[in-house]
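Heads up: the structure comes next, in structure tokens.
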Amino acid sequence: MRRDIFQAVADPTRRAIIALIALQAMTPNAIAENFNTTRQAVSKHLRILTECELVKQEQKGREIYYSLEIDKMKEIDKWIEQFRKIWETRFNQLDQVLATIKKNKK
């Protein structure tokens, strides 16, 4: 089953994993140490993130390291950007309304 990247980032644990490996590549055991859950649960989250191509695996000796796939994260940012512009416009309009109200009270 092919998963959607937005389905993957909807889960708070997966977002926390993304934040962890954004700083440095980590093994599943190192990632699991940061959570109050089983290693198997973390592996399931990593599998979902890998299926969505948000993280990549790299074999180094006997260990597998997971790191963030920046290009895929850019897709999320591009989608969010359209909403960011809408909200910035609305906040600017709200600032103008509040400034007008404050000016009229004086």
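The values are calculated or read from the model by the stated rules, or taken from the named source; none is laboratory data. Bear in mind the structure is a predicted one, so any value in this text is a computation, not a measurement. Here Cβ is always computed from backbone atoms with ideal geometry, including for glycine, and neighbour counts include all displayed protein chains.
Among the residues of the stretch 67-88, none qualifies, meaning not one is in contact (Cβ under 8 Å) with a residue 40 or more places away in the chain and on the phi > 0 side of the Ramachandran plot.
When the residues of the stretch 53-70 are filtered to those that are among the acidic types (Asp, Glu) and more than 17 Å from the chain's Cα centre (by Cα), which remaining residue is farthest from ASN29 (Cα to Cα)? Walk me through how you get there before you give the answer.
To start, the set of residues in the stretch 53-70 that are among the acidic types (Asp, Glu) comprises 53, 58, 63, 69.
With more than 17 Å from the chain's Cα centre (by Cα) added as a condition, the list becomes 58, 63.
Numbers: GLU58: 15, GLU63: 10 Å.
Top of the filtered list is GLU58.
Looking at the stretch 28-52, which of its residues are assigned to a loop (DSSP other than H, G, I, E, B) and more than 17 Å from the chain's Cα centre (by Cα)? GLU33, ASN36, THR37, THR38, listed by residue number. For ILE64, the conditions (1) assigned to a strand (DSSP E or B); (2) in contact (Cβ under 8 Å) with a residue 60 or more places away in the chain; (3) not charged (D, E, K, R) are fulfilled apart from (2). Would you call ASP95 over 17 Å from ASN29 (Cα atoms), part of a helix (DSSP H, G or I) and more than 27 Å from the chain's Cα centre (by Cα)? Here the answer is yes, as ASP95 does meet what is asked. So, GLU58, is that one surrounded by 10 or more Cβ atoms within 10 Å (Cβ to Cβ) and part of a helix (DSSP H, G or I) or not? No: the conditions fail for GLU58. In the set (1) touching a residue at least 60 places away in the same chain (Cβ under 8 Å); (2) in contact with an Asp or Glu (Cβ under 7 Å, 6 or more places away or on another chain), the condition left unmet by VAL55 is number (1). Selection of the stretch 23-40 for residues being free of Cβ contacts under 8 Å to residues at least 24 places away in the same chain and farther than 20 Å from LYS72 by Cα yields ASN29, ALA30, ALA32, GLU33, ASN34, PHE35, ASN36, THR38, ARG39, GLN40. List the pairs whose first member sits in the stretch 11-22 and is without any contact (Cβ under 8 Å) to a residue 24 or more places away in the chain, whose second member is part of a helix (DSSP H, G or I), and whose Cβ atoms are under 7 Å apart, counting only residues at least 6 apart or on separate chains? Pairs that qualify, where the first residue is without any contact (Cβ under 8 Å) to a residue 24 or more places away in the chain and the partner is part of a helix (DSSP H, G or I), are ARG15/VAL9; LEU20/ILE31.
Matching residues to (1) under 20 Å from PRO12 (Cβ atoms); (2) modelled with pLDDT of 90 or more; (3) of a type in the set (Asp, Glu):
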{"site": "THR50", "(1), (2), (3)": "yes, yes, no"}
{"site": "GLU63", "(1), (2), (3)": "no, yes, yes"}
{"site": "SER67", "(1), (2), (3)": "no, yes, no"}
{"site": "LYS72", "(1), (2), (3)": "yes, no, no"}
{"site": "ASN104", "(1), (2), (3)": "no, no, no"}
